Amino acid sequence: MGFFKNIKNKTILIGSLAFLLFCNCVQKKPDQSVYWQEYLFYQKAILKEYPVGGIRNALFGNLTSSDQSVLQEKNGLFSIDFYLQKTNKGFQPVLTSEKIPENVPYQIHAEYLPTSFKDQNTFRVKRKTISILSNYSYLDFFSHVDRLQSFLRSESKIVSKLSSISVAHKYLCSVSNCELGRDKNSSWLMYQLNDSTKSKFPAFYKRFFKILNQISYKITVFKSGDFLNGIELYNEKEKTFLKIPDTYAGYWSKPETLHIRISLFIQVYGLKIDIRSLGYRLRFHSSKNYEKISGEFSKFPEKKISGRFLQIFPPGIVNWFIPGNMEEYFDNYFLLLIQGSDGNGGSRFESEFFHNANKMKVVLKSEAEIFRDRFAPFRSSSDEDDDPSFFEVLQKILIDDLQKSSQESISF
């Protein structure tokens, strides 16, 4: 997962936040802001304590061979246990070799089994997190998606209307070029890095301008048998687009299965990596006081690798610089991602939500098999060098936007 996780974090986060922004702004939901505050607080507590390096990689299921020393070992199995402990000064991150106490707000247990696949060293990873959070339902999110497409389809003055009801949208348009519009049977929105982005977030601008000019990506989310009504997130260089086809009221409100197709074209170090239609499948279940979401990679992509490393070496020579021949590396990478070395399933997760009054317990379990040494073409320092951090500022504004009720909130 390391290759796609690395790219995803650096290319589509802005689009995902834009999507969340527009789902939020058509109807205010103060209670949901508490959920996002708590969730982000837990994540930031880890990132603040372990901004880079082995412990952070181990906790997030992204261990490399050089990080293995941070783990506990027993009978050939390596593991790490972490929790947040409430103190008079707030929450304290704790690494432990003992049993995790009951009723902590957030905990992680990750296991790594060293193994190999076709002469390449791998880890089989099992990861479990338990969070105590304010109530939030995935049905609320999809209700927002449904209302969003209705709003975009019906509103003739979309830009001015969204600016009047959403501080977050108004802010985002002040630090980037933004446009919204209609095609024949769909609505779209666009954000583009510009001089305002460069002035207010110089480190973010420099990093993302380079990356978005090296990558073209397209992500389509659709219901079974209805690809043409799928929501698309894609870029054209530094422009990020979200396209939402017109659908009937309630179309997105209660999905049972969603499919995702991911395509990437990457130009890096003189190489051209073309990956098309990698498939992912999400399943949803909801009953009284209980919800479950599960996901797994479901379809092998088409791929083509060409070009010359540093304009000198052919792709087959890249094994001097990264683990393995490029063609072989990606063949094995996708086989592990989708099938696993034993053929019983690749990278997958299951998240269960147990609701009780105004709180819920979220149990997330995931499994994967990853290379111990991975090709990470866009590896860089974290947002620590981005001061101010674009994403932290936008996250805060999004949460504030959810909290503030508005007389102009849209309802249908």
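Of the residues LYS128, LYS206, the single one that is within 30 Å of ASN62 (Cα to Cα), touching a strand residue (DSSP E or B) at 6+ places or on another chain (Cβ under 6 Å) and at pLDDT 90 or above is LYS128. Filtering region 275-300 to residues that are open to solvent by 40 Å² or more (accessible area, probe 1.4 Å) and among the aromatic types (Phe, Trp, Tyr) leaves TYR290, PHE300. Just one of the listed residues (LYS272, LYS303) is open to solvent by 70 Å² or more (accessible area, probe 1.4 Å) and at pLDDT below 95, namely LYS272. Based on this model, can you work out whether LYS359 counts as surrounded by fewer than 17 Cβ atoms within 10 Å (Cβ to Cβ) and either modelled with pLDDT of 85 or more or of a type in the set (Gly, Ala, Ser) (or both)? Criteria met by LYS359.
When the residues of region 84-118 are filtered to those that are surrounded by 17 or more Cβ atoms within 10 Å (Cβ to Cβ) and out of contact with any Leu (no Cβ under 9 Å at 6 or more places or on another chain), the one that is nearest to VAL363 (Cα to Cα) is HIS109. Screening region 207-247 for residues that are farther than 22 Å from LYS272 by Cα and part of a helix (DSSP H, G or I) and picking the one that is least open to solvent (accessible area, probe 1.4 Å) gives ASN229. Do we find a residue being closer than 15 Å to VAL393 by Cα, surrounded by 14 or more Cβ atoms within 10 Å (Cβ to Cβ) and at pLDDT 70 or above anywhere in region 177-184? Checked region 177-184: no residue is closer than 15 Å to VAL393 by Cα, surrounded by 14 or more Cβ atoms within 10 Å (Cβ to Cβ) and at pLDDT 70 or above. Within region 29-46, the residues that satisfy the criterion of being in contact with a helix residue (DSSP H, G or I) (Cβ under 7 Å, 6 or more places away or on another chain) and open to solvent by 40 Å² or more (accessible area, probe 1.4 Å) are LYS29, PRO30, TRP36, GLN37. Scanning region 215-273 for residues that are small (Gly, Ala, Ser) and touching a residue at least 60 places away in the same chain (Cβ under 8 Å) yields a count of 3.
Among the criteria (1) of a type in the set (Gly, Ala, Ser); (2) touching a Lys or Arg at 6+ places or on another chain (Cβ under 7 Å); (3) farther than 27 Å from GLU296 by Cα, the one ALA203 does not fulfil is (2).
I need the full set of residues from region 144-154 which are in contact with a helix residue (DSSP H, G or I) (Cβ under 9 Å, 6 or more places away or on another chain) and open to solvent by 20 Å² or more (accessible area, probe 1.4 Å), in order please. Before the answer, list the steps.
Quick first cut of region 144-154, residues in contact with a helix residue (DSSP H, G or I) (Cβ under 9 Å, 6 or more places away or on another chain) only: 144-145, 147-148, 151-152.
Matches in region 144-154: ARG147 only.
Please count how many residues of region 98-122 are in a loop (DSSP other than H, G, I, E, B) and not aliphatic (A, V, I, L, M). Residues meeting the conditions: 8.
To keep it simple, each residue is scored yes or no on (1) of a type outside the set (Phe, Trp, Tyr); (2) free of Cβ contacts under 8 Å to residues at least 40 places away in the same chain; (3) farther than 30 Å from GLU328 by Cα.
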position	(1), (2), (3)
PHE82	no, yes, yes
LYS86	yes, yes, yes
LYS89	yes, yes, yes
LEU95	yes, no, yes
PRO114	yes, no, no
ASP119	yes, yes, no
ARG124	yes, no, no
ARG127	yes, no, no
ILE130	yes, no, yes
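Take the residues in region 340-356 that are under 22 Å from the mean Cα position of the chain (by Cα) and of a type in the set (Gly, Ala, Ser); name whichever of them is surrounded by the fewest Cβ atoms within 10 Å (Cβ to Cβ).
Narrowing region 340-356 to residues under 22 Å from the mean Cα position of the chain (by Cα): 340, 345-353.
If we keep only those that are of a type in the set (Gly, Ala, Ser) as well, we get 340, 345-347, 351.
Working: GLY340: 19, GLY345: 14, GLY346: 21, SER347: 22, SER351: 17.
My answer is GLY345.
Would you mind stating whether SER166 is modelled with pLDDT under 90, crowded, with 21+ Cβ neighbours inside 10 Å and over 30 Å from GLU352 (Cβ atoms)? Here the answer is yes, as SER166 does meet what is asked. Scanning region 113-127 for residues that are under 15 Å from PHE78 (Cβ atoms) and of a type in the set (Lys, Arg) yields ARG124, LYS126, ARG127.
The values are calculated or read from the model by the stated rules, or taken from the named source; none is laboratory data. These figures come from a predicted structure and were not determined experimentally. In this analysis, Cβ positions are derived from the backbone assuming ideal geometry, glycine residues included, and neighbour counts consider all displayed protein chains. Surface accessibility is based on the protein's heavy atoms, side chains included, excluding ligands, DNA and RNA. Shrake-Rupley method; radii C 1.70, N 1.55, O 1.52, S 1.80 Å.
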